[in-house]
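Reading through the structure tokens given below for one structure.
The values are calculated or read from the model by the stated rules, or taken from the named source; none is laboratory data. All values derive from a computational prediction rather than experimental measurement. With ideal geometry, Cβ positions are generated from the backbone for all residues, glycine too; neighbour counts draw on all protein chains shown.
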Amino acid sequence: MDMNALPRMHAENITDADRRLVTAIQHGLPLVSHPYAALGAQCGLSEEEVITRLTALLANGTIKRLGVVVRHRELGYRANAMVVWDIPDERVSELGHCIGRFEFVTLCYRRPRRLPAWPYNLFCMIHGQDRDAVLERVQQIEQHCQIAEVPHEVLFSRRRFKQRGAIYAPVQHGITV
Amino acid sequence: MDDIDRSIINALQEGFPICERPYAAAAERLDIDEAELLRRIGALREQNTISRFGPLFHAERLGGALTLAAMRIPPQEMDRIAALVNGHPEVAHNYERDHVFNMWFVLATESEAELLAAIKAIEMETGYPVYNMPKLEEYYLNLRFAV
């Protein structure tokens, strides 16, 4: 295996063996009775070592979640919107947590404003069966978090130009932005 | 997709066991056997209902650089500029959205320097500014959908 192709990780407690494991597992879990043994065979680790290391990577947050990610469009969530708010800096953390508590919000991040063109600093993603459903959910958030007065915009997606690029980052599969 | 498929998707969005025979362990909780769970996950993947079955990584902990970037492109230029932007291998996904900021894409590279270089290159090539909006703080990330 080409060592240069392995992901670089700067956390000190991430070993070479972890890097080989992350490379092997990024495309998904093998559909066999002993998947961790199969992964181990790909990266020179025993089944037991794979189990120990994966448990640790999950515990320290390097792996956020192990399991299934669905294609929301195929499941009837046809509308998705990025909803952005211009929230006073001193309140952004409090309101970010408030918005993030709704089960239909899939992510909620603080990002920098790009003034004067872009005044918004809180971004969240909301999915719904259709656009009306998404807008209704935005209203629910505004009422509950009492931010009806806060300037915001709803950016519905129109087209997906590109889904995934070549492997340039340490890991291109299973990353979240 | 039937009720069993739905219960598999809902359960496995919450997590997957890490033990010697995880499919057997997960199947038991779903009241099916290991072979059936393996077959159904395979079928859901084939049908593209499941886009991933594996780990979601915390990219920054792996040492990579990631950002969300936006551009304002005149509608008549959209297709041409999208092709130029998508031609960069650092662009992981790219969406058109209803707004004057109408192009939104994710850049993923090994380092911060490469990220900034990719942004410069896209600006030079397209003639339009790229607005870099990296994540400053994460309040919530879920990506689970009830089915």
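Here are the criteria: (1) under 30 Å from A:Thr15 (Cβ atoms); (2) crowded, with 18+ Cβ neighbours inside 10 Å; (3) more than 20 Å from the chain's Cα centre (by Cα). Tell me which single one B:Pro55 does not satisfy. Here B:Pro55 meets the rest and fails (3).
Among the residues of the stretch A:59-68, are any under 15 Å from the mean Cα position of the chain (by Cα), at positive phi and in a loop (DSSP other than H, G, I, E, B)? Among the residues of the stretch A:59-68, at least one is under 15 Å from the mean Cα position of the chain (by Cα), at positive phi and in a loop (DSSP other than H, G, I, E, B), which makes the answer yes. Residues considered: A:Val69, A:Val138. Of these, the only one that is within 10 Å of another protein chain (Cβ to nearest Cβ) and either out of contact with any Gly (no Cβ under 7 Å at 6 or more places or on another chain) or at pLDDT 95 or above (or both) is A:Val69. Can you tell me which residues in the stretch A:116-133 are within 12 Å of chain B (Cβ to nearest Cβ) and among the hydrophobic types (A, V, I, L, M, F, W, C)? A:Ala117, A:Trp118, A:Leu122, A:Phe123, A:Cys124, A:Met125, A:Ile126 - these are the residues of the stretch A:116-133 that are within 12 Å of chain B (Cβ to nearest Cβ) and among the hydrophobic types (A, V, I, L, M, F, W, C). Within the stretch B:7-25, which residues are within 25 Å of the chain's Cα centre (by Cα) and more than 7 Å from chain A (Cβ to nearest Cβ)? Those that are within 25 Å of the chain's Cα centre (by Cα) and more than 7 Å from chain A (Cβ to nearest Cβ): B:Ser7, B:Ile8, B:Asn10, B:Ala11, B:Pro17.
Could we say that B:Val100 is out of contact with any strand residue (DSSP E or B) (no Cβ under 8 Å at 6 or more places or on another chain) and either of a type in the set (Val, Ile, Thr) or touching a residue at least 12 places away in the same chain (Cβ under 8 Å) (or both) here?
Working: out of contact with any strand residue (DSSP E or B) (no Cβ under 8 Å at 6 or more places or on another chain): yes; either of a type in the set (Val, Ile, Thr) or touching a residue at least 12 places away in the same chain (Cβ under 8 Å) (or both): yes.
Answer is yes for this residue.
Taking (1) farther than 30 Å from B:Glu123 by Cα; (2) of a type outside the set (D, E, K, R); (3) modelled with pLDDT of 95 or more in turn, B:Met71 satisfies each apart from (1).
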